[in-house]
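The values are calculated or read from the model by the stated rules, or taken from the named source; none is laboratory data. What you are looking at is a predicted structure, and each value in this text was computed from that prediction instead of being measured. Note that we place each Cβ from the backbone using ideal geometry, even for glycine, and neighbour counts take in every protein chain shown. Ligands, DNA and RNA are excluded from the accessible area calculation, which covers all protein heavy atoms including side chains. Shrake-Rupley method; radii C 1.70, N 1.55, O 1.52, S 1.80 Å.
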Amino acid sequence: MVLGFTGQWIDLIMLCVTIVSYSFLVNGRSAGQAEARGSIHGCRVARGAPSISHLFFADDSLLFFKANVQEAGVIKQCLIEYESMSGQAVNFHKSSVCFSRNTAETVRDEVASVLGVIQAPNFGKYLGLPSFIGKEKRAVFSYVEDKIKQRFSSWNKRLISQAGKEVLLKSVAQSMPTFSMSAFLLPASVCLSIERAMNRYWWGSGNEKGIHWKAWDRLCVPKKYRGLGFKDLRAFNLAMLGK
């Protein structure tokens, strides 16, 4: 309603995403899944939320189950059955398994041995974004801050005019976190650190620090109001998520 869509159109879309169901047909008969039989238990993002046993995207697959030998064996058997029916083989050398922090080391070794895959040290990134966001959000999104600061260090080696700095800050530096900001709400401390780095680069000269004649929030004011039109990264992040 807020975006201008009529109630009839909203009801139609909700019908498409709330009543749909999927089933697998084997020799013309509907075959139940291991989760429906209670053989494996998926992951819940919140209390009362439906459990998620798998996520598929293109040629990548994520499987969720309890970290024990029994459910690992069920997952292994499901993959074997899939291979025999489809003719496609799973490459276990390119597969890995991750565990929560409270999983014992012995259990990790047993599950990895049953599946025949290696243990990944962390969840890593997927499509350039963190696959898992824990409590230490500042550490997770530090890569955004590090990339921008590395770019500043390369720019400091060249003599650039204020007009050139404005172009670099607006077209390059401020656009680098756009992809991450469109999917996640970055910690305010990360946004503040990036803005401080931009402010230092704007007022500095080469590798030397300069006097900050105006605060960054004053530089973010539009030019028609006597500012320079730089982005307020926190507000920009909220706008990207709202979009």
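The table below gives the values:
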quantity: Filtered residues of region 184-216 (kept if of a type in the set (D, E, K, R) and either exposed (fewer than 12 other Cβ atoms within 10 Å of the Cβ) or more than 34 Å from the chain's Cα centre (by Cα) (or both)); calculated: E208, K209, K214
quantity: Some residue of region 147-154 being open to solvent by less than 90 Å² (accessible area, probe 1.4 Å), under 30 Å from W203 (Cβ atoms) and in a loop (DSSP other than H, G, I, E, B); calculated: no
quantity: Test: residue in region 15-33 that is more than 26 Å from A120 (Cα to Cα) and among the aromatic types (F, W, Y); calculated: yes
quantity: Leading residue by the ranking (nearest to K209 (Cα to Cα)) among those in region 121-142 that are surrounded by 13 or more Cβ atoms within 10 Å (Cβ to Cβ) and of a type outside the set (D, E, K, R); calculated: S142
quantity: Condition broken by G32, with the remaining ones in (1) open to solvent by less than 70 Å² (accessible area, probe 1.4 Å); (2) modelled with pLDDT of 80 or more; (3) of a type outside the set (D, E) satisfied; calculated: (2)
quantity: Condition broken by R158, with the remaining ones in (1) open to solvent by 50 Å² or more (accessible area, probe 1.4 Å); (2) under 20 Å from L127 (Cα atoms); (3) not polar (S, T, N, Q); (4) not in a helix (DSSP H, G or I) satisfied; calculated: (2)
quantity: Residue count for region 66-77, restricted to those that are open to solvent by 50 Å² or more (accessible area, probe 1.4 Å) and of a type outside the set (K, R); calculated: 3
quantity: Strands (runs of 3 or more DSSP E) fully within region 1-85 counting 2 or more residues that are under 28 Å from the mean Cα position of the chain (by Cα); calculated: 54-57, 60-63
